[in-house]
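Colleague: The structure follows.
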Amino acid sequence: MSLRIIREECTYTNSYCEENVWHICNYVRGNHPLLLHECYAVFISNENQTVPLWSQKTSNNHQGLVIWDYHVIFIHYGNKKCDVYDLDTKLAFPCSFDEYRAKALGSDETLQTQFHRSFRVIPADQYLASFASDRTHMIKDGKWLKPPPVYPPIFNATSRNNLYAFINMTNNSDQEVPGQVLNHENFVLRFS
């Protein structure tokens, strides 16, 4: 059985990648439930919240470079094949993990230490059960930095906002949120 997700049919709001990926996970749960165990939400960030990604749609740079505070992608890893679903990339949707690694992630070896990325890899079912955001991270001086999604915020039974715990890459044993934090090298090894 293969996973079929069409970019144009995805719930998408610019600058709300964590919610966009939550909705992809929810779509898989509703339409491909037997594949949910092969799916992951992946937060990309670091202690400085300065993570470079290339081939990004919002970039004016010819390489598509954007320095995000964090970014979230969806990964499907099944039948010895790994695909990345990133609604903010110029690359194909889905894109093979190897192509995404080469064209969007690049290598930490060529980056200054402050830009080295960490990856919180969360099984999709755990992400659906635990993620919550009241969207206050997008409000500054009482105004929205980017317009919020038209649907209600995502809450869970125990939290109205745990986004920063997901972004936190310095504590791999944080009990508030699931997921394994990997450095760039181990992330690539896991999904290559």
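The values are calculated or read from the model by the stated rules, or taken from the named source; none is laboratory data. All figures in this text were calculated on a predicted structure; none of them were measured in a lab. Cβ sites come from the backbone with ideal geometry, for glycine too, and all protein chains shown count toward neighbours. What goes into the accessible areas is simple: the full protein's heavy atoms, side chains included, and nothing from ligands, DNA or RNA. Shrake-Rupley method; radii C 1.70, N 1.55, O 1.52, S 1.80 Å.
Colleague: If a residue must be at pLDDT 95 or above, surrounded by fewer than 16 Cβ atoms within 10 Å (Cβ to Cβ) and not hydrophobic (A, V, I, L, M, F, W, C), how many such residues does the range 165-191 contain?
Modeller: Number satisfying all stated conditions: 3.
Colleague: Turning to a different aspect of this structure: Let me spell it out: the conditions are (1) in contact with a strand residue (DSSP E or B) (Cβ under 9 Å, 6 or more places away or on another chain); (2) part of a loop (DSSP other than H, G, I, E, B); (3) aliphatic (A, V, I, L, M), and Leu182 meets all of them except one. Which number is the exception?
Modeller: The single condition Leu182 does not satisfy is (2).
Colleague: With within 20 Å of Ser15 (Cα to Cα), hydrophobic (A, V, I, L, M, F, W, C) and open to solvent by 80 Å² or more (accessible area, probe 1.4 Å) as the only criterion, which of Ile154, Ile139, Ile67 stands out?
Modeller: Every option except Ile67 fails the conditions.
Colleague: Continuing with this model, one more query. Name the residue, out of Gln49, Gln63, that is at pLDDT 95 or above and assigned to a loop (DSSP other than H, G, I, E, B).
Modeller: Criteria check complete, one pass: Gln49.
Colleague: Of the numbered conditions (1) at pLDDT 95 or above; (2) among the small types (Gly, Ala, Ser); (3) not in a helix (DSSP H, G or I), Gly30 satisfies every one except a single condition; which is it?
Modeller: (3)
Colleague: Can you run down the residue pairs with Cβ atoms below 8 Å, 6 or more apart or on separate chains, where the first is in the range 12-38 and at positive phi and the partner is in a helix (DSSP H, G or I)?
Modeller: Close Cβ pairs satisfying both conditions: Ser15/Met138.
Colleague: If I ask for residues that are open to solvent by 70 Å² or more (accessible area, probe 1.4 Å) and part of a helix (DSSP H, G or I), which ones from the range 110-128 would you list?
Modeller: Result: Thr110, Thr113, Gln114, Asp125, Gln126.
Colleague: Among the residues of the range 78-95, is there at least one that is part of a strand (DSSP E or B), surrounded by fewer than 20 Cβ atoms within 10 Å (Cβ to Cβ) and among the hydroxyl-bearing types (Ser, Thr, Tyr)?
Modeller: no
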